[in-house]
1. Which of (1) at pLDDT 85 or above; (2) surrounded by 13 or more Cβ atoms within 10 Å (Cβ to Cβ) is the odd one out, the single condition T82 does not satisfy?
2. Can R97 be described as surrounded by 11 or more Cβ atoms within 10 Å (Cβ to Cβ) and not β-branched (V, I, T)?
3. Kindly indicate whether I85 is free of Cβ contacts under 8 Å to residues at least 40 places away in the same chain, touching a helix residue (DSSP H, G or I) at 6+ places or on another chain (Cβ under 8 Å) and more than 20 Å from A60 (Cα to Cα).
4. Can you find even one residue in segment 152-168 that is surrounded by 12 or more Cβ atoms within 10 Å (Cβ to Cβ) and in contact with a Pro (Cβ under 8 Å, 6 or more places away or on another chain)?
5. Report the residue count in segment 88-133 for those that are under 21 Å from the mean Cα position of the chain (by Cα) and not in a helix (DSSP H, G or I).
6. Pairs needed: first member in segment 163-174, assigned to a loop (DSSP other than H, G, I, E, B); second member anywhere, of a type in the set (A, V, I, L, M); C-beta distance under 8 Å; at least 6 residues apart or different chains.
Amino acid sequence: MFFEVRVAGDPASLVAGITRVVREVVPGVPLDQVKTQSQQIADSLGQESMYARLFTLFGAAAPVLACIGLYGTMSFALARRTREIGIRMALGAAASRVLRASLLEAAVVAAVGVGGGLLLAWAGARYVRSLLFEITPLDGPTVAGAIAVMLGVTLAAAYVPARRAAQLDPLRALREE
């Protein structure tokens, strides 16, 4: 048996009075789960709310992990090319040109990754269509936002190693190798 009571004000403060009145009117009825409507809704959506928070956490962690991985990859790739960059700078290449070339290389890698991701998303779209509510699997603004985030993360991760390569002393670079 359920009772619903509409009150003006804070419902939690009136629970004791409502419980007393119900016991006076119907003495044998147990009242063991007294909840406000807000608590009832929160309890019924508890699992979905937990999943939403968990997926939000994973969604926030993904760009951070991508940035760390890209930073390591770019650092490694530019460290392997120290001699080449040193020779280019010794022959007169400007630091801005080395920086631009390194960032362009990272952007090309990101574009290939984004292209592959779009192909996989397009291929898998029909499988997730039934799981989505009021959006399409390839929602334009969402896809554009994801592409912008990935390109931004890639350029942010590549900037530090590219700047380090652009500030390389050509004589030291040639001596190290």
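1. (1)
2. Details: surrounded by 11 or more Cβ atoms within 10 Å (Cβ to Cβ): yes; not β-branched (V, I, T): yes.
For R97, the condition - surrounded by 11 or more Cβ atoms within 10 Å (Cβ to Cβ) and not β-branched (V, I, T) - is met.
3. no
4. Applying the first criterion (surrounded by 12 or more Cβ atoms within 10 Å (Cβ to Cβ)) to segment 152-168 yields 152-166, 168.
Narrowing the set further to residues that are in contact with a Pro (Cβ under 8 Å, 6 or more places away or on another chain) leaves 153.
Yes, some residue in segment 152-168 is surrounded by 12 or more Cβ atoms within 10 Å (Cβ to Cβ) and in contact with a Pro (Cβ under 8 Å, 6 or more places away or on another chain).
5. Number of matching residues: 2.
6. Q167/A95; L168/I85; L168/M89; L168/V98
Residues are listed down the side, and each one gets a yes or a no for (1) at pLDDT below 85; (2) over 16 Å from F3 (Cα atoms); (3) not assigned by TED's automatic domain parsing to the domain that holds A157:
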{"residue": "P27", "(1), (2), (3)": "yes, no, yes"}
{"residue": "V34", "(1), (2), (3)": "yes, no, yes"}
{"residue": "Q37", "(1), (2), (3)": "yes, no, yes"}
{"residue": "E48", "(1), (2), (3)": "no, yes, yes"}
{"residue": "G59", "(1), (2), (3)": "no, yes, no"}
{"residue": "A62", "(1), (2), (3)": "no, yes, no"}
{"residue": "L65", "(1), (2), (3)": "no, yes, no"}
{"residue": "Y71", "(1), (2), (3)": "no, yes, no"}
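The values are calculated or read from the model by the stated rules, or taken from the named source; none is laboratory data. Worth saying up front: this structure is predicted, and the values here are computed from it rather than measured. Cβ atoms come from the backbone with ideal geometry, glycine included; neighbour counts cover every protein chain shown.
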